């Protein structure tokens, strides 16, 4: 049982289906670990201990009855943006701190039906609008590799839960990088599927144009399995020999921290040994990507919250309040121009510049310490937003599938993420590429000392 927190979801489910472990045993072990570590990491806003044990008992009954549950008894952490019937869903905000939905988001229902056990609702940046997971209402999620550092946002609690072995599976949302960034900073897998592949129903919106739902896991195999359940379809693994992998060396790589760039280029060389062909590519219109993304996300987020901004403005945290008020000031012609720019980028990036996939750093820098945040914001020539979501938000703009997979550590022991991007609905290819990389490396087998 001491190794259980380090098991993949696939290993846990096999052990329960075979009768080596029960779902109740696994759930109790997960809840005990959460009780021991959550005060240090603040990964969970709400721990659903009673509900989890009830679900685990039901899973054990179903297994004994002969059901072959794909996620039998696997602990699941759910970002507190997903509606869960009878369990409060705060969206990380004071406005929703007592909100208890009467329905459950379909993707959560699908995972529970497959045998997963929800152990709690995870911390997030307020209403998912931010990339640090600093939360003035429920406290900051902390990075298991160094609790003095950020997890990245907005799905920072889910990332901390997976990285610390509190749950092998977690749900996140990604509007500008909020699955991939915290996965990279916390040293595990995060996958943003093709836009529309996974239902967003029952998920508090941030920006309708960009919102994605996706898995956060220790292994790419688990992420692929989780995606199949949420999307309701099987993924066919393509052959990778001869696959053309493009490396955008301008914008996406040139500005990276040297340790990050070195690790990512080393990862591409590993992929080359697996039969992948590498080539450098130039990506057009990068100068308009962040501006278009910001104009759309700020405008749409302000529209989501417009009524509450009139009546409950003081209940928002300071950074979110400022962002939403800024969104109200964006003129309609600016929003329309940004949407036109988005369509142009989609059209010109569609074929990945003659490649089958792209490789780049997920984030340009590793996790930053909390006490350095104000210094960075005032003093650096590159804004922190560019360093953290500059490589991820373009693919919310295009809706393409994108995966972050661990590819190394800095000298200070902080994780580095490799981002792999495919064509729209080439999710299976991206996941197959990530799975092949994990089979050839051991970065994902290293755990923080907790």
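Coordinate-derived values only; no laboratory data. Here the structure is a predicted model, which is why all the values come from computation and not from measurement. We place every Cβ from the backbone using ideal geometry, glycine too, and count neighbours over all the protein chains shown.
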Going by average Cβ neighbours within 10 Å, how do the peptides 131-144, 254-267 rank, with the highest at the top?
131-144, 254-267
Please report how far the C-alpha centroid of the stretch 145-163 lies from that of the stretch 20-51, rounded to the nearest whole angstrom.
17
The residues 208, 7, sorted from fewest to most surrounding Cβ atoms within 10 Å, come out as 208, 7
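Out of all DSSP beta bridges with both ends in the chain, state the antiparallel percent to the nearest 5.
Values: 31 of 46 bridges.
Taking every DSSP beta bridge within the chain, about 65 percent pair in antiparallel fashion.
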Distance between modelled label sites at residue 61 and residue 286, nm, 7 Å Cα→Cβ extension
5.7
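Per DSSP helix of 4 or more residues, -39500 (n - 2.57); summed, then divided by the residues of the chain. What does that give at 222 nm, rounded to the nearest 500?
-12500 deg cm²/dmol
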Proxy exposure order for 6, 305 (fewest C-beta within 10 Å first) is 6, 305
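Averaged over all directions, how much area does the convex hull of the C-alpha atoms of the stretch 4-231 cover when projected, in nm²? Could you put the intermediate results ahead of the total?
Values: hull surface 41.9 nm².
Its average projected convex-hull area is 10.5 nm².
What is the packing order of peptides 45-56, 66-77, 270-281, 209-220, taking the mean over residues of other C-beta atoms within 10 Å and listing the highest first?
Working: 45-56: 19.1, 66-77: 22.3, 270-281: 14.5, 209-220: 25.9.
In decreasing order of mean packing, 45-56, 66-77, 270-281, 209-220 become 209-220, 66-77, 45-56, 270-281.
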Checking the a/c ratio against 1.5 first, then a/b against b/c, what shape does the Cα gyration tensor give for the stretch 147-236?
oblate
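Could you work out the Rg to Rh ratio of the stretch 213-357, with Rh taken as the Kirkwood radius (inverse of the mean 1/r over all Cα pairs)?
Details: Rg = 20.3 Å, Rh = 19.1 Å.
My calculation puts Rg/Rh at 1.06.
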So, in Å, what gap is there between the alpha-carbon centers of the stretch 96-117 and the stretch 295-315?
25
Cα principal axis extents for the stretch 244-445, largest first, Å
58, 41, 28
Would you mind telling me the antiparallel percentage of the DSSP bridges in the stretch 4-231, rounded to 5?
65
In a Debye calculation with equal point scatterers on the alpha-carbon sites of the chain and no solvent, what is log10 I(q)/I(0) at q = 0.09, 0.14 Å⁻¹?
-0.51, -1.31
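Which percentage, to the nearest 5, of the DSSP beta bridges contained in the stretch 244-445 is antiparallel? Working shown, then result.
Working: 12 of 19 bridges.
The answer is about 65 percent antiparallel.
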If a/c stays under 1.5 just call it rounded; otherwise compare a/b with b/c (prolate if a/b is bigger, oblate if not). Do that for the stretch 61-121, with a ≥ b ≥ c from the square roots of the Cα gyration tensor eigenvalues.
prolate
